[in-house]
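**Q** Can you keep this structure in mind? I'll have questions shortly.
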């Protein structure tokens, strides 16, 4: 439950971890508490190495439709499926030292049968289509960047992310001195 002093115009939320169903549930819960406390703006420090594509797509859709203003910050690294969730924010900040890493889906299929492999390929094609559709909606990558993304991991610096449309501004996460934090 939020403390009475948290019931203010802006809230400062900290997230560092993998994207999974627990992450989704914790962010749902915190957002519910913030809206009940009439918070108008959530500043979300978002640091992740990625995780489940489906859970990241869920956060992407959730962030896009929040009943409060979301300002999301990359203060270090947003990687893999975390990019999808990050893109859900209308205002996407990145530290001058922040970086992003994008790639297509991957899976370890060491002991899979031929039927399992066919199902894995089908599933990965669906995941890749979802990933690419969201990325194309927001980013303008160069031909060389698309080539790297198609076959390898593509890492973008803060200035490169700004040029591509991944970040909307280069700005540090800098809460006011009296700010209280909500940990997710």
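**Q** Multiply the residue separation of residue 22 and residue 133 by 0.36 nm, subtract the distance between their alpha-carbon atoms, and state the gained length in nm to one decimal. Present the calculation step by step, with values, prior to reporting the outcome.
**A** Values: separation 111, 0.36 × 111 = 39.96 nm, distance 2.49 nm.
Contour length minus Cα-Cα distance gives 37.5 nm.
**Q** For a label point 7 angstrom out from the Cα of residue 29 toward its Cβ, which stretches of region 158-184 have the backbone nitrogen within less than 18 Å?
**A** Under 18 Å, as judged by backbone N against the label point of residue 29, lie 181-184 of region 158-184.
**Q** Go ahead and estimate [θ] at 222 nm for the chain from helices alone: -39,500 (n - 2.57) per DSSP H run with n ≥ 4, summed, over the residue count, rounded to 500.
**A** Working: 6 runs with 74 residues, N = 184.
It lands at -12500 deg cm²/dmol.
**Q** Is region 15-61 rounded, prolate or oblate when judged by the Cα gyration tensor, a ≥ b ≥ c being the square roots of its eigenvalues, rounded requiring a/c under 1.5 and prolate requiring a/b larger than b/c?
**A** Since a/c reaches 1.5 and a/b is larger than b/c, the shape of region 15-61 is classed as prolate.
**Q** With N denoting the number of residues in the chain, provide Rg(C-alpha) divided by 2.2 N^0.38 Å, to two decimal places.
**A** Its radius of gyration relative to the 2.2 N^0.38 Å reference: 1.09.
**Q** Hey, in the GNM for the chain with a 10 angstrom Cα cutoff, which one of 148, 121, 94 fluctuates hardest?
**A** In the Gaussian network model the winner is 121.
**Q** Going by a ≥ b ≥ c, the root eigenvalues of the Cα gyration tensor, does region 136-184 fall in the rounded group (a/c under 1.5), the prolate group (a/b larger than b/c) or the oblate group? Walk me through the numbers on the way to the answer.
**A** Numbers: a/c = 3.36, a/b = 2.54, b/c = 1.32.
In terms of gyration-tensor shape, prolate.
**Q** Quick one: angle between helix 53-64 and the longest Cα principal axis of the chain, in degrees between 0 and 90, rounded to 10, please.
**A** 40
**Q** I would also like to ask the following. Region 142-184 to region 91-109: how many Å between their Cα centroids?
**A** 8
**Q** Among 48, 142, 35, whose mean-square fluctuation peaks in a Gaussian network model of the chain (Cα, cutoff 10 Å)?
**A** Greatest mean-square fluctuation among the candidates belongs to 142.
**Q** Counting DSSP beta bridges in the chain, what percent are antiparallel, to the nearest 5?
**A** Close to 15 percent.
**Q** Quickly rank 80-88, 166-174 as a protection proxy: mean count of other C-beta atoms within 10 Å, highest first.
**A** Taking the mean over residues of other Cβ atoms within 10 Å, the ranking is 80-88, 166-174.
**Q** Report the calculated FRET efficiency for residue 183 and residue 155 (r = Cβ-Cβ distance, R0 = 35 Å), to the nearest 0.05. Display every interim value, and only then the final one.
**A** On the way: r = 28 Å, r/R0 = 0.79.
For R0 = 35 Å, the calculated efficiency reads 0.80.
**Q** Let me know the shape class of region 62-117, please: from the alpha-carbon gyration tensor, a ≥ b ≥ c as square roots of the eigenvalues, rounded when a/c is under 1.5, otherwise prolate if a/b is greater than b/c, or oblate.
**A** Values: a/c = 5.29, a/b = 1.99, b/c = 2.66.
It is oblate, given that a/c is not under 1.5 and a/b is not larger than b/c.
Every number in this text was worked out from the coordinates using simple rules, so none of it is lab data. Note that the structure is a prediction, hence the values are computed from the model and not measured. Cβ coordinates were reconstructed from backbone atoms using ideal geometry, including for glycine residues, and neighbour counts include every protein chain displayed.
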